[in-house]
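A.B. asks: Take this structure, written in structure tokens, and hold onto it; I'll ask about it next.
Readers should treat all values here as calculations from the given coordinates under stated rules, not as data from a laboratory. From a predicted model like this one, the values you see are computed outputs, not experimental measurements. In this analysis, Cβ positions are derived from the backbone assuming ideal geometry, glycine residues included, and neighbour counts consider all displayed protein chains.
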Amino acid sequence: MSFTAEVKDELSRVEAPDVTSELAQLSALIRVCGTLSFRGPERYSIKITTETGAVARTLIKLTHKIFDLETSLTVRRSVLHKTRNYLIEIPEQDALAEDLVRLGILATGRGLTTGVPASLVRSPQGLSAFVRGAFMAGGFIADPRGDFHLEIAVTREDFARGLAELIGSLGVSARLNRRRGAFAIYLKSFDDIIVLLRAMGARRMARVVEAARAQKSVKNDVNRRVNAEMANQVRSSGAALSQLDLIDRAERTLGLASLPPALASFCEARRAHPELSLVALGAELDPPASKSAIYHRVLRLQGLVEEAERAERSPGADL
């Protein structure tokens, strides 16, 4: 089961607290994934398609509970994609036109409504139920182990804008994007996704997303530490090679035996331990020396070598 299906399955088990909230959820379900057909005055029928069993189950449950309408369910299997497709049909019947008005899908004497039905989303419970129904019908959420992304796809721009405003009233920053003749309300922020999941009633899956972020944060921190350590090792290796080259130059120009004891001990230790950092190399000396002390020995040795090399290159060097 995909992560989206798991979220929708949890949402399908959320019980709306009152009839208005049930109407709001059913209204959004039909608006987003349903098709309304008209055959004359007050003669309507509805076809609803979904690939999610939890959505089909919720649609039929609410339709029967609120309106006691006649419905039919056909389960089809796609040979190409090996997935199930659910077709729910609400045929023409006397009460359907009146029920569509109660759902805010039709307006008496004015035909089909286009925006969000304000009468169903006045209360916080109705608002949450409407958003829950819209997500169940057209929503997608990425597996949080890979990315943080949630969206709801709808077909009409005015409805999309109204839905985006509803989601925004929950304290969530929702963006609207036109996509191949449809519209997507989408969220990219982890915090916004958590807020929306909780508002819709998917509290268990919200905890799953939080756990995924915590795990991802630990993994990213470990990766940063590993990368930093590798970078330090690369820098240390490069520094050690430079120091070994400097020691070779010192041996050619000065002779290691002529060096002060502190510099001679550094040269001996570095040649014996080319892989060590300055901190670890200092611990090998007797007595031990700090990183700063070792660094200053390198600078002092470099000064002596460069002075000797300049003397070799001067005109009087051959006399």
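A.B. asks: Sorted by average packing, counted as other Cβ atoms within 10 angstrom per residue and highest first, what order do 26-33, 69-76, 51-58, 245-252 take?
C.D. replies: Highest to lowest by the protection proxy: 26-33, 51-58, 245-252, 69-76.
A.B. asks: So what is the 222 nm mean residue ellipticity for the chain from helices alone, if each DSSP H run of at least 4 adds -39500 (n - 2.57) and you divide by all residues, rounding to the nearest 500 deg cm²/dmol?
C.D. replies: On the way: 11 runs with 177 residues, N = 319.
My calculation for the chain gives -18500 deg cm²/dmol from helical runs alone.
A.B. asks: Please work out, to two decimal places, the log10 of the ratio I(q)/I(0) at q = 0.12, 0.21 Å⁻¹ from a Debye calculation in which every Cα of region 1-107 carries one identical scatterer.
C.D. replies: Each listed q corresponds, in turn, to -0.42, -1.16.
A.B. asks: On to the next question. Tally Lys/Arg at +1 and Asp/Glu at -1 over every other residue whose Cβ is under 14 Å from the Cβ of PRO124; what's the total? Walk me through the numbers before you get to the answer.
C.D. replies: Details: positive: ARG122, ARG132, ARG198; negative: ASP18.
Summing Lys and Arg as +1 and Asp and Glu as -1 gives +2.
A.B. asks: Measure nothing fancy, just the Cα-based angle from helix 3-12's long axis to the longest principal axis of the chain, in degrees from 0 to 90, nearest 10.
C.D. replies: 40
A.B. asks: Further, regarding this structure: Over 16 Å, how big is the tail of the calculated P(r) for region 239-312, in percent of all Cα pairs?
C.D. replies: Details: 1115 of 2701 pairs.
Pairs farther apart than 16 Å: 41 percent.
A.B. asks: When the Cα atoms of the chain are enclosed in a convex hull and the volume is divided per residue, what value in Å³ results? Intermediate values should be presented prior to the final figure.
C.D. replies: On the way: hull volume 73.4 nm³, N = 319.
Hull volume over Cα atoms, normalised by residue count, gives 230 Å³.
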